[in-house]
Amino acid sequence: MTQYYDKNVNRVLELLNYPILERCNQLESLFNGCNIRELQDIFPNVVQSVFGIGDRGIGWGLRTTTKKNAPQVFDTLFGFFAPMGPLFQICYRLLNDAIKFEINLDQLPHKINEMIQTGQYPLFYADLLNVDAFRRQVISLSLNAFDYYILHFCIYATFPLHKMYPAALQVHNEHMKTVYFFLTAEYLCNFLPCRPDSVVMPPNICPTVKSPQPMPIQPLQPKRSPKYFKIPSASVYDASNSNTQFIRNTVSPRVHAWRTESVLHFFIDTWLRYDVDETRDLPSSEFIRVVRILIKQTHSFANSACFDETPMVNLRKLAQPMMRAPFYPFLKSTMGRWPLDSSFSVVLELWLSYIQPWRYGFDWQLQKSNENNIEFSTDNRYQTFILDNLIIYTQIFVHILPRFERLDFTSFPNVIMLHRLVKVFNQTGLPAKLLQAEQSFGGSYLKYDSPRKQNTFLCSANSPGSYEWDNLHYDDGYTPMFGDAMQNTIKKFLKTICIARDQVIKEIIAKTEENKERYKSLGIFKRIFNKIFEEISCDIQKMKEYNKIPDILESAVHTLGGMFNVDVPDISEEEIDTPSLNCTQPNFSLYDDSNYLDVSRISPFQMMNNLANIKASVDPALLPIQTYECAFLVRLLHRLSCKMNEKFHQEIEALWYRSDIKGKLARRIFYGPMTTQWFDKPYGESALCEQQLPPRLSLRYFASYQCLFFVAIFCIIGYIKCHTVIIGIIAVIMVLLTFLYMCSF
C-alpha cells in the first residue's frame, strides 16, 4: 500500500514538469484515483507549482497565456481552474476532513504581514492564526484547502512579472486578456453573486468548515485599535468592545456564506493593501484591471443588499466599507507614481469605477431605474456612500488635477481621459452633493487639517468599518474641492485647455490647407489612382480623431467652468504661439541621471517635438490587419508576395534602380528599401535588432474591400459584355498599368 501511495505522489510530481496540455489532462485523471491522504500531500505541491511559489516565477503561465497567443492552452487552463473544474473538486474533497495547510507570514504581502504581526487584523483571521506559544508571535496561517488556493491566487497577482520577465509585457495590455484575468472575473462573479437569488456554485459545500462568529452592530463612535496581541480590531465578524451589541441569529451567516467571506477578505486585503511606496515596484496594468473587476463586482454584490433576505445580506452590507480604508492610500500612491502616458487611463478608470457604485446594479435594479428614469447618482441610497467616501471623491480629484495639467491635450487619448473625468463629475446632482457634503463638515470651530476634524469628516459616524479611517496617517491637510485654492487651480487648468484647443484648431486649418494644395498639385490620373487603390493611411485616421479634439476640449472647459463657477478665460494670439512650458530638448541618454528620464516630467511641447522625429521602422506589409481589409486575402497575398520576392529578388532590385520608364513603373509598384527595427526578448532581455530590406513586391493593397469592390464591378461588366469574367480581370490589369504609367510622369 505504501508503494502504491508513493507511486501516485511521485507520479504527480513528475507530471508537474510535463507540457500544459498533457499535464492538465493526466492530473485530472490521477486526482480521481487518489485518496484523501494522497491528495493532502499532493495539493500544496500542485498549488505552489501553479503560482511559481518557490522561485516567484511565471508558474503555469496564468498571467502570460492569452486566447490569441495560445488558444488551446488557454481553454485547457481555464477549464482546469474554473469554479467547477478539477482543482476546486480537490479543494472540496479535502474540506470534508477539515485538513489544514500552512502558509508562512513571509509569503504574504508586506502590509498584510504587518497587520497580523501588530494584532490589528480583522476577526476573520482570528481562527486562522498559528501562534508560537514561546515567542507569542504569529508564525503562519492555517487554512483549509479552499482558502489556501484562493489566497495563493490573490498573491500571484502581486508578483511583478513585468519586471522579472520583460517578455510578459507583451500581454499586459487591454487587448490581450490573460487566463488570470478571466479566472478573476469568473471567481468574483461566482463567489460574490450580484443577484440576491443567486447561489454560490457548487451549493452546500461543507457548511461546518468554519466556526460560527456573531455579527456585531458597529459602535457609534470609531475606536482606536487595541495594541495587545490576539485582540483583533473591528471587522465583518468582530466584537471590538465589551459593550458591543450583537445581532442574535439562530444560524451563523458563515454556514451559508463562508466561501464568499473568504473571497471578500482575501481579495480586498491582498490587492487593495498592495504597497505602492517609492521603494517598491509599481503594479502591472493587468493588476490594475483585475482590481477594477474586484471593485465593480463588489459594488454589484453590495447594491443588492436591500433585496436580499438570506444570511448573506450581512456581507453585502459590509462589502463596500471593507474596501474604503485600504483603497484610498492605494489609489493615491498609484496615481502619484504612475507614468503620464496612455496607460494612465487604466488607473483613472479604476477610480471612476469606485466612485460610481450606482452603475453596478443587477438586472432588476437597472431595469427599474430605466423605467422610472432615475439617475443613480441622485438616488438617496447612495448619499451615505458619497458621505463615507468623500475624500476619495474630492482629495483624489485635487491630487490628480496637477498631473492632468502636465498632459498634452493635442493628443487624442489624453483628451479622452479628460472627457471621462469631466463626464463622471458632471453627472446630475453629483457636484451639488459633493459641495453640500463639504459645507456640512466645514464648521468654523474645526479646521480641515486638524486630526479631530479628519476623524469626523472622513466618514459618517454610524458607518460600518469607520474605525479603520482612524488608523490612516494623513501627511497633508484636507483641501476643499470647492474652495478658493481649487478655484485658482481650475482657472489655470482651463487656460491650459483653451491654449491646447486653439493650437489644435490652428493645426487643423493648416493641415487642411496643406492637403488641399497637395491634392490640387496631383494630376487627374494620379488622383483617380489614389482614390481607388491607395490604402487608408494612419495619417487619415489620426486626422479624423484630431478633428474631434476641439469640440471635446470646448465641452470640458464649459463643464468645469460651470461646476466651479469659473469664467472661460480669454486667450491671446501670443499665448497660442508661445509654448508656456520649458522647451529645452532633453537628453534621452541611458546614463542621464536627471529628471528628464521621468516621462511624467516632460512637457507637452517636448513630447510633440519628439513625436515629430519618429520614423516608421516596421515593414508596411507586416502591419496588423486593418478593419478595411479581408484577413484571409491579406495572409494569402502575403505568402504569394514572399514567394515571388524570394524567386525574383534580383530582377526586382535591378528594375528598382533603373532610370528609364521601367524604373519609374517599378518604383510605383514595389516597396522601397528600408531598415526594420524590433526588440528581441527571448531570454528576458531587450535587444534592438535591425534588418535591411531590399525593394520588394507587396500585393496587400489588393486585399482591401475597396479594391475588391472595383475588381468585382469590372468582372460583372466583362461578364455582361463578353460573357466571361476573364475580360473584366484583364481590363482591371490594363487600367491599372495605364494609371501607373501616367502617374510616373
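Read-outs throughout are calculated quantities, based only on the coordinates presented, and are distinct from any laboratory measurement. Small disclaimer: the values here were computed from a predicted structure and weren't measured. Cβ coordinates were reconstructed from backbone atoms using ideal geometry, including for glycine residues, and neighbour counts include every protein chain displayed.
Structure notes:
- Each Lys or Arg adds one and each Asp or Glu takes one away; over the other residues whose Cβ falls under 14 Å from the Cβ of Pro44, this sums to -2.
- Cβ-based net charge around Val179, under 15 Å, with every Lys or Arg adding one and every Asp or Glu removing one: +3
- The protection proxy used here, the mean number of other Cβ atoms lying within 10 Å of each residue, ranks peptides 322-329, 137-144 as follows, highest first: 322-329, 137-144.
- For peptides 265-277, 33-45, sequence by mean Cβ density within 10 Å, most packed first: 265-277, 33-45
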